Amino acid sequence: MLAMVKGARINSRLVLTLAAGVICGFLSACFLITATRDMPHMLYWLPSGSYRDPHHYSQLEREVGPEVEVMFHGPDEDFHKGEDTVAKELAEKIRVLCWIMTGPKNHQSKARHVKATWGKRCNILLFMSSAEDPSLPTVVLPVEEGRDNLWAKTKESFKYTYEKYIDQADWFLKADDDTYVILENLRYMLQPHSPDSPLYFGCRFKPFVKQGYMSGGAGYVLSRASLKKFVEEGLPNRTLCRQDAGGAEDVEMGKCLENVGVKAMDTRDPHGRGRFFPFVPEHHLIPNHVDKDFWYWKYIYYESKDGLDCCSDSAISFHYVSPNMMYVLEYLIYHLRPYGINHAIEEVQSTSKPTSR
């Protein structure tokens, strides 16, 4: 009888242990599903580090670029001699200052690869940080690092560019150190517009701000008049612009610019295809790569497609670009030439401005 009682107790313990394991496993699975529901494809293969599929800045933290300088042949060499004549002329007429949001831990892992690739096509290139790095060089701002201080850093960066460069550029581009920008296409889009009009451009999202706001990661561009209104009218007035460091940088920027009368512009091409993109090309080009429940589809201001109809032939920016991918894009855009295909230069008429809604 005693043996039967002991056996029953043991069986009860086994059942309880099994039940507890099942419950813990179920709760863990629910937690994992909830944590990744709004960020599909966030998981990637470790330990090799050979695959990344980023929807989030943290996905690029382990990415490193080449340790040696990557040399490309220039446009003045026989390979591409004379191909960039129009682009050079446009760069003289449409002066773009690019400032890059970076930080001490990213100076050599990310920022220097921006400088080595697309950054060299800016008329003026600045790296905004909290620490000095002569190799870039950096502009040292009196702001602490961290995502909780991005709005403060953005305000200080635009104040600095206004104070130092307002008369040396027409347009002012903010980009992250994991954003890749095709400057020639940016100038092409900006050509019909006056920098003395209060306008700003980017990937337009619809919540939080009546006229929408531009994605910070995809990069956004202020006209000279917009920068002036932002710094002179917006920043000193607590009823127009948020005064503390908190809040989402791009949302607060959108609210502030709307309050000072800066118009959020439609940057789509004449076919309705986007030009600024908050993710890498793969995520926009491959159908159903990004789940339709993902936040992007709820935020995007205009109806947008994935697949090959997603993106304009004159696309301007992509975000979450790894350091190595910077060089891949550099090669594909500026050096690879399919034999026998010529690209005609399209004239931009002053009446063909993108519409604003």
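For region 179-219, which semi-axes, largest first and in whole Å, follow from the square roots of 5 times the eigenvalues of its Cα gyration tensor? Present the calculation step by step, with values, prior to reporting the outcome.
Details: eigenvalues 82, 48, 8 Å².
Semi-axis lengths for region 179-219 are 20, 16, 7 Å.
Most tightly packed first, judged by the mean number of other beta-carbon atoms within 10 Å of their residues, the peptides 112-118, 287-293, 171-177 read 171-177, 112-118, 287-293.
Scoring 140-149, 91-100 by mean Cβ neighbours within 10 Å over their residues and listing the highest first yields 91-100, 140-149.
Of the peptides 233-244, 191-202, the order by per-residue mean of other Cβ atoms within 10 Å, starting with the highest, comes out as 191-202, 233-244.
Rolling a 1.4 Å probe over the protein chains gives D309 an accessible area of about 90 Å².
Stokes-Einstein diffusion of region 121-192 at 25 °C, 0.890 mPa s viscosity, Kirkwood radius from Cα pairs, rounded to a whole number: 180 µm²/s. In terms of distances greater than 32 angstrom between alpha carbons, the cross-link table entries K155/K292; K159/K206; K110/K210 yield K155/K292; K110/K210. Compactness ratio for region 180-291: Cα radius of gyration over 2.2 N^0.38 Å (N = residue count) comes to 1.13.
The values are calculated or read from the model by the stated rules, or taken from the named source; none is laboratory data. Please read these numbers as outputs of a predicted model, since none were measured by experiment. When we count neighbours, we look across all protein chains shown, and the Cβ atoms used for this are built from the backbone with ideal geometry, even at glycine. Please note that ligands, DNA and RNA were not included when accessible areas were found on the heavy atoms of the full protein model with its side chains. Shrake-Rupley method; radii C 1.70, N 1.55, O 1.52, S 1.80 Å.
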